[in-house]
Structure formats: C-alpha cells, structure tokens
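One structure below.
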Amino acid sequence: MADLIPLTRALAERAAAIHAAAMADGLGGEAWGAPSLRGLLGTPGTVGWLAEDAGLVMARAMAGEAEILTLGVHPAYRRQGVARALLAACYAVLPAMGAERLSLEVAIDNLPAQTLYRAEGFKRTGRRPRYYRRGAERIDALVMARWL
C-alpha cells in the first residue's frame, strides 16, 4: 500500500495525472484538470490525500456534513487497498472538522465502487438522474452516505 500524503495545491499537476488515469475507463465520470483541483483545494473545508501515484481523494466538510468530491485509483493499483486507505484518511480527519456524516455519488453502473462503498458502511440515500456525463450520454448516480 502506498503512503498517503496531504494533497496540496502544489501537487495539483500530479493529482490531475492520477485522476486522468483513474477516470479513463469512464465509470467515475470526467477527469479533473490541475486548475479545477487547485481551485477546489483553495475552498474552505476541503481536504485531500494522494496515495503516491496510486490514487487520490478529495472531500469537503461543511455544517456537520462531509462529501467525497472525488476518489480515484490508477488502474495499475486497483484491488490493493488504496481506496480503503484513502477513505480511512477521510474517516480520521473529517470528524475533527465537525462532520458527522459522509456522502458521495457513484455512477449507477460502477459496480466495483458500489461494492467497496457498501463494504465500508455506506447506504444508498438517493439517486441523481443524468448526473455523470460520458460524451453525449448521461448516467444516473446513486447517492450513498455513512455516519462517521
């Protein structure tokens, strides 16, 4: 398992490369570029981690709630515990930021991610029609949440 390092604005280019590789299969939505990542990291309550070159997570805490903004693992590192380690970092830090519940969106057809999230205690709380864009196609997202 790769070591986790805090994701800072200075690491946005590296994070964007990991995100592009993680989202290349299309199941997780569109890849975010370095400017988008830098912008999000500059907003209050936003935190993130890199698992070296294996994966990244970004989350935002606000008003007692937290949301996973993105979680992606490079295909070469999948099924090695990277996503679980990134989620564990969120579980460790977000409560100290006042968050009691963590939510996320996952594409309706991203079954591997849904399996992971269920194993991590997330439950389905809703559905967002046509949330993800894949070229001209729009894919629904499930909304999932767990208590921290």
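Please enumerate the residues belonging to region 47-84 that are within 22 Å of G26 (Cα to Cα), among the acidic types (D, E) and in a strand (DSSP E or B).
Result: E67, single match.
If the requirement is being surrounded by fewer than 17 Cβ atoms within 10 Å (Cβ to Cβ) and closer than 22 Å to L142 by Cβ, which of these qualifies: L86, L94, L102, L111?
Just one listed residue meets the conditions, L111.
Quick check, is R128 at pLDDT 95 or above, farther than 23 Å from A63 by Cβ and open to solvent by 60 Å² or more (accessible area, probe 1.4 Å)?
Against the criterion (at pLDDT 95 or above, farther than 23 Å from A63 by Cβ and open to solvent by 60 Å² or more (accessible area, probe 1.4 Å)), R128 does not qualify.
Could you go through region 46-62 and let me know if any residue there is within 15 Å of the chain's Cα centre (by Cα), of a type in the set (S, T, N, Q) and at pLDDT below 95.
No, region 46-62 has no match at all.
Would you check which residues across region 114-125 are within 24 Å of P75 (Cα to Cα) and surrounded by 12 or more Cβ atoms within 10 Å (Cβ to Cβ) and list them?
Q114, L116, Y117, R118, E120, G121, F122
Quick check on region 3-17. Is at least one of its residues open to solvent by 20 Å² or more (accessible area, probe 1.4 Å), in contact with a strand residue (DSSP E or B) (Cβ under 8 Å, 6 or more places away or on another chain) and under 22 Å from A107 (Cα atoms)?
Looking through region 3-17, none of the residues is open to solvent by 20 Å² or more (accessible area, probe 1.4 Å), in contact with a strand residue (DSSP E or B) (Cβ under 8 Å, 6 or more places away or on another chain) and under 22 Å from A107 (Cα atoms).
If the requirement is being open to solvent by 10 Å² or more (accessible area, probe 1.4 Å) and part of a loop (DSSP other than H, G, I, E, B), which of these qualifies: P35, P44?
P44
May I ask you to list pairs of residues, at least six apart or on different chains, whose Cβ atoms are under 6 Å apart, with the first in region 135-148 being under 22 Å from L94 (Cα atoms) and the second being of a type in the set (S, T, N, Q) and open to solvent by 70 Å² or more (accessible area, probe 1.4 Å)?
Within 6 Å, the pairs are V143/T125; A145/T125.
In the set A76, A119, A51, A89, which member is under 14 Å from A2 (Cα atoms), out of contact with any strand residue (DSSP E or B) (no Cβ under 6 Å at 6 or more places or on another chain) and of a type in the set (A, V, I, L, M, F, W, C)?
Checking each option against the conditions leaves just A76.
May I ask you to verify whether A51 is open to solvent by less than 10 Å² (accessible area, probe 1.4 Å) and free of Cβ contacts under 8 Å to residues at least 40 places away in the same chain?
It is false that A51 is open to solvent by less than 10 Å² (accessible area, probe 1.4 Å) and free of Cβ contacts under 8 Å to residues at least 40 places away in the same chain.
The values are calculated or read from the model by the stated rules, or taken from the named source; none is laboratory data. Keep in mind it's a predicted model, so treat the numbers as computed, not measured. Here the Cβ is made from the backbone with ideal geometry for all residues, glycine too, and neighbour counts use every protein chain on show. Side chains are part of the model used for accessible areas, which takes the heavy atoms of the whole protein and leaves out ligands, DNA and RNA. Shrake-Rupley method; radii C 1.70, N 1.55, O 1.52, S 1.80 Å.
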